[in-house]
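The values are calculated or read from the model by the stated rules, or taken from the named source; none is laboratory data. Bear in mind the structure is a predicted one, so any value in this text is a computation, not a measurement. Neighbour counts run over all protein chains shown; Cβ positions are idealised from the backbone, glycine included.
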Amino acid sequence: MSEKNKRTELTWYTMDLHLHTPASEDYLQPEIGYLDILKQAAKKGLDIIAFTDHNTVAGYRRMQEEIEQLKLLQQLNRLLPEEEIRLAEYQRLLKRVLVLPGFEFTATFGFHILAIFPKDKAVRDIEHLLLELNIPSEKLDEGSVTVGASVDVLTAYKSIQDAGGIAIAAHANSNNGVAMRRFPFGGQTKIAYTQDPNLIAIEVTDLTKKGRHSTASFFSGNKPEYPRRMHCIQGSDAHLLTKRSALQNKLGVGDRTTDVRLKERSFQALRELFESNNFSRTRPHQLSSQPAYDFIRDARQEGATFVQDFHDKITVRGGFLYSIIADVCAFANSNGGILYLGLSAEKGKSFEGIPRPNQGIEKLKSEISKRISPVLECKFEVQETEGKKVIQVMIPRGEDPPYAVDDNKIYLRTETETGMAVRDEIVEMVFQGEKKKAAPPVHVQAEPLPIPRSKDVSKIVSDENELQPDDPPRTGVEIVSVTNRSGEKYYTVRDLRNGNVVKNVTLQSSRRLWHYAISQYSKLPKAKEKKDISWQGDLGLISRKKRGNYTSYDLIQRTQEGFRYYYGVTDDGIHGSWEGLI
């Protein structure tokens, strides 16, 4: 049921955007009527639903046809008493529940994609889109899961978007999902399937799961291979009205739902949410008996990451305000991110919040506008956690890097920290920006390979096909080389997240993570003499350190050319054989 937030004039709505009807050939209760589905949706407290039958919009069309027929009989004064009751029930429920038309499309190789449209979208137009997606005209009303050759995933995303719909990867971490692991595809194909700009959200089956192995965590923007943070939702994928004990894996209407906080209950408001970088307005459905959902508490549990950080205050005194401005600049130059102001990242540490948050937002807007160039549009919201008000700042990944503070100070995000960019990094930002402007859009086609299916819905996409098992970690820094000039050591370091190589780094000039890496490297004896390195084959663990809410690792790798040293590696950078070592 909707839950009003008076302070922000936004409302929590409960939705299930993945409902089948008897129009799907694999529906388990063909005797069920469309009015029965609406009644069950209302009973479950749903505010927004979508009919998403397999490769057809016939279910939504048949419901409309039934209602229109009842209205016509009413106009002709030919309604039977039971029909009059039925029409009244339809009208009452359609005021209570927003029903959106859609379909679940089967793309090439069996990948499933949800397509959701506004309620005023003409059914004929949706059917025309299905024909454009190569659904045979004779199968347009069959609701078949297998429709033969159709189109590839990326074409489907774009076609749905161009037709005014929203494309959502259906049960992405499960059977027929674009993010299920062990697909024999190349890395770029798999990345494109989950990072394509025409894909607006990802439906997962483990939204309530916490920790780094959950699908939502994988697509949080921390993974180097998957930098775009994705909105993750859950739906029931209902193929029957109510769950039956004999069919434990099959869910009924509203058995797995998502809450979204919107300004109004509409398709457009839903689209705007999914197109935004505000990830605080989506949550697994919360029962009234559960403790109040606090996403800031969850963010604090995770701590500072590549895409989020915390600041106790916003005052000039103590350097808090400048640190915030530097973080905004760094996030814009890196992968975007979120700042929480008024509390620290330390779990359990008391905090004051921001006493006058609206005034604080105006101050921050003014400072960002005056001090960061080029122009950067950030979003601000007042949130509440543990009874105190804090400010949430949402910073987009900048379209025109490098961004600078006071015209000449350029910052970057390095894992969980912000630091001043050096010459090589600034050159690389400019080069990549120009390359992006000049490059035509690339359309990635999947290789025609057989797709193994797994029944383990907890397994999400992994980076096993992007990297070889013994390739370097993907986060932290590598000390590449060191030279001695007139008694001073100059280091070459590699940012493992983006591969950028930075030369002429000294211990004095290096930012925090580099400083740490250089210090540790200079203390390290020859690897073959180091007795406390834990080796597994050619991979070694030098040390493991708890840093706030996360763990970092110092690692070593034996190669034919010698040894390679990696420092400050986080869990997001661990893959392949490194996982066994850790």
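Tabulated data for the structure shown
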{"read-out": "Counted residues, the range 21-57 - those being in contact with a helix residue (DSSP H, G or I) (Cβ under 9 Å, 6 or more places away or on another chain), of a type in the set (Gly, Ala, Ser) and under 21 Å from PHE267 (Cβ atoms)", "value": "4"}
{"read-out": "Residue in the range 557-582 that is farthest from the chain's Cα centre (by Cα), counting only those that are hydroxyl-bearing (Ser, Thr, Tyr) and more than 21 Å from ALA304 (Cα to Cα)", "value": "THR559"}
{"read-out": "Residue list for the range 263-298, restricted to those being closer than 26 Å to GLU386 by Cβ and assigned to a helix (DSSP H, G or I)", "value": "LEU273, PHE295, ILE296, ARG297, ASP298"}
{"read-out": "Check on SER350, of a type in the set (Gly, Ala, Ser), at pLDDT below 95 and within 23 Å of ASN222 (Cβ to Cβ)", "value": "no"}
{"read-out": "Selected residue (only one of ASP53, ASP26 is on the phi < 0 side of the Ramachandran plot, assigned by TED's automatic domain parsing to the domain that holds ASN134 and in a loop (DSSP other than H, G, I, E, B))", "value": "ASP26"}
{"read-out": "Test: residue in the range 439-461 that is among the small types (Gly, Ala, Ser), in contact with a helix residue (DSSP H, G or I) (Cβ under 8 Å, 6 or more places away or on another chain) and at pLDDT 65 or above", "value": "no"}
{"read-out": "Flag for PHE351 being hydrophobic (A, V, I, L, M, F, W, C), in a loop (DSSP other than H, G, I, E, B) and assigned by TED's automatic domain parsing to the domain that holds ALA330", "value": "yes"}
{"read-out": "Verdict on TYR553 being out of contact with any Lys or Arg (no Cβ under 6 Å at 6 or more places or on another chain) and either exposed (fewer than 14 other Cβ atoms within 10 Å of the Cβ) or in a strand (DSSP E or B) (or both)", "value": "no"}
{"read-out": "Residues located in the range 341-355, provided they are of a type in the set (A, V, I, L, M, F, W, C) and in contact with a Leu (Cβ under 9 Å, 6 or more places away or on another chain)", "value": "LEU341, PHE351, ILE354"}
{"read-out": "So ILE324, is it part of a strand (DSSP E or B) and surrounded by 20 or more Cβ atoms within 10 Å (Cβ to Cβ)", "value": "no"}
{"read-out": "Residue check for ASN173: buried (at least 24 other Cβ atoms within 10 Å of the Cβ), more than 20 Å from GLU275 (Cβ to Cβ) and in the same structural domain as LYS39 (by TED's automatic domain parsing)", "value": "yes"}
{"read-out": "Check on ARG61, charged (D, E, K, R) and free of Cβ contacts under 8 Å to residues at least 60 places away in the same chain", "value": "no"}
{"read-out": "Pairs where the first residue, in the range 121-146, is closer than 23 Å to GLY177 by Cα and the second is in a loop (DSSP other than H, G, I, E, B) and of a type in the set (Phe, Trp, Tyr), C-beta under 8 Å, 6+ apart", "value": "ILE126/PHE117; GLY143/TYR27"}
{"read-out": "Which listed residue is of a type in the set (Asp, Glu), in the same structural domain as ASP26 (by TED's automatic domain parsing) and either surrounded by 19 or more Cβ atoms within 10 Å (Cβ to Cβ) or out of contact with any Ser or Thr (no Cβ under 7 Å at 6 or more places or on another chain) (or both), from ASP196, ASP255", "value": "ASP196"}
{"read-out": "Every residue from the range 501-513 that is closer than 23 Å to THR305 by Cα and surrounded by fewer than 17 Cβ atoms within 10 Å (Cβ to Cβ)", "value": "VAL501, ARG512"}
{"read-out": "Residue among GLU65, GLU83 that is surrounded by 14 or more Cβ atoms within 10 Å (Cβ to Cβ) and either on the phi < 0 side of the Ramachandran plot or not polar (S, T, N, Q) (or both)", "value": "GLU83"}
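Residues checked against (1) over 15 Å from the mean Cα position of the chain (by Cα); (2) modelled with pLDDT of 95 or more:
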position: GLN248; (1), (2): yes, no
position: VAL253; (1), (2): yes, yes
position: LEU262; (1), (2): yes, yes
position: SER266; (1), (2): yes, yes
position: LEU270; (1), (2): yes, yes
position: ASN277; (1), (2): no, no
